[in-house]
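Only the coordinates and a few stated rules stand behind these numbers; no lab work does. Please read these numbers as outputs of a predicted model, since none were measured by experiment. Here the Cβ positions follow ideal geometry from the backbone for every residue, glycine too, while neighbour counts run over all protein chains shown.
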Amino acid sequence: MGAVLDGIRVLDFGRYIAGPFCAALLGDFGAEVIRIEKVKGSEDRYVAPINEAGEGALYMQMGRNKLGMTLNPMKPEGREIVKKLVKTADVVVANLPPDTLTEMGLDYESLRALKSDIILTTASAFGSGGPYSNRVGFDGLGQAMSGQMHMTGPEDHPMKSYVPYVDFGTASLSAFGTLAALMERQKTGKGQMVEGSLLNTALTFANTLLIEQSVIQANRVASMNRSQGSAPADTFQTKDGWVLVHTVGQPLFERWVKLMGEDHWLEDSRMQHDQLRGDHGEIISERLAAWCLERSSAEVLAAFEEARLPAGPVLTQQEVLDDPHVRAKGLLKPVDYPGLVSPAPVMDTPVSLSESPGGIRRRAPTLGEHTRQILDELGYSSEEINELHQKRVV
């Protein structure tokens, strides 16, 4: 069986995560993705450098399953190349502000004039239509402006997640929207614009908190790692490390009470359902913290596993790489790249299909690796390509 997106061509003008990871997910399921970047290399190529050329870990993940070309779309010759590429494409991905899209000729009206059924997938910080539309921004703004940072860290010091989950969420939702648009095009023959934004994603993830605040004015403040909706649900120090415990629901709470050997918790009026336990979670966390400190992480996790209670170790990056489950499932694929001292462990396609699975087929391209090949396919002669190189158009 062929890949789900065989025959679909995607032009990836994205930078950093929200656009490039969207395109990478489409590439994982068989789309031909062309990454188009600055002639000297786009900035996201060099985030968290891991080889002598300064190319980075982020790019190893974002660039998988893509062809790579360099292009300056602001030069007249570059604009012509963009037009020719668009006529061969099904999807254009660009996580850029609306005014920048227009300047580059990548706004939906310009693209539709070239190819009527084109799908434009955009992802910006705030989306179009509001007073923040043309503001630039990264993942942290989504975290900060959705109420999530207010609920993270200690009460008096808002804290951002180190991992840019708003970026990755926006990329994933944008890929979902792109697939929906492709399905609609199969029915109607019409393209459309797919628009994601960091703020939209962050508000989606935080929506439960916002609904609660609007309806009952809970006015919650951060409580570090302790959940405010159930208990025990917190991180706990052991003799030799840290573990995370997360229980939700009466059956799990009863198992925890049995593990502790303290039936009085079941009779406590403050512990009769999840929200009450969350409201008084500090008491439960204090009890479990004392229990964990008397044991090693392995002992805590073994006891919780025997009781069928959710718990796991807080791992370092190296411990994740060495984790037996991660290794047994082959989740991190070793992908070689010029200049690396060892293959990069790139996470495989995060969702699997039983009949037509995605996967990593090729490493990220070196700078401009496929420029000549792509221009040749567009009808440019060798002499014309050489001239474009000399003019720094490509």
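Here is how the numbers come out for the structure above:
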quantity	calculated
Assigned charges on the beta-carbon of Lys, Arg, Asp, Glu; region 248-394 dipole about Cα centre (debye)	440 debye
Cα gyration tensor shape for region 1-50, rounded if a/c is under 1.5, else prolate or oblate	prolate
Helical contribution to [θ] at 222 nm, DSSP H n ≥ 4, -39,500 (n - 2.57), averaged over the chain, rounded to 500	-11500 deg cm²/dmol
Whole-Å distance, taken between Cα centres, linking region 128-198 and region 330-394	26 Å
Proxy reagent accessibility, fewest Cβ within 10 Å first, across 160, 239	239, 160
Furthest towards positive pole of dipole, 186, 142, 154, structure part the chain, Cβ charges	186
Helix runs (DSSP H) in the chain reaching 27 Å along axis by Cα, Kyte-Doolittle at least -0.5	165-188
Residue exposure sequence - 308, 363, 226 - by fewest surrounding Cβ within 10 Å	308, 226, 363
Global geometry of region 202-290, whether rounded, prolate or oblate, following the gyration tensor of its Cα atoms and the 1.5 cut on a/c	oblate
Full-extension gain in nm, residue 155 to residue 113, via 0.36 nm per residue minus C-alpha separation	9.9 nm
Scaled radius of gyration (Cα, divided by 2.2 N^0.38 Å) that region 158-256 gives	1.55
q = 0.09, 0.12, 0.13 Å⁻¹, region 1-146: log10 I(q)/I(0) [Debye, one scatterer per Cα]	-0.28, -0.51, -0.60
Cα gyration tensor, region 230-358 - rounded (a/c under 1.5), prolate or oblate	prolate
Using a Förster distance of 56 Å, the FRET efficiency for residue 392-residue 218 (Cβ separation, nearest 0.05)	0.50
Relative contact order computed over the chain (Cα-Cα under 8 Å; 6+ residues apart), in percent	19 percent
Value of relative contact order over region 1-117, rounded to a whole percent, pairs C-alpha under 8 Å and six or more apart	29 percent
Within straight-line cross-link reach of residue 115, aspartates and glutamates at Cα separation under 13 Å, skipping those fewer than 8 residues along the same chain	90, 107
(1) 23.8; (2) 20.5; (3) 22.8, with the label sought being that of the calculated Kirkwood radius over Cα pairs in Å	(1)
Residue order, fewest to most beta carbons within 10 Å, for 348, 117	117, 348
Distance violations [Cα-Cα > 29 Å] among 333/391; 87/329; 83/391	333/391; 87/329
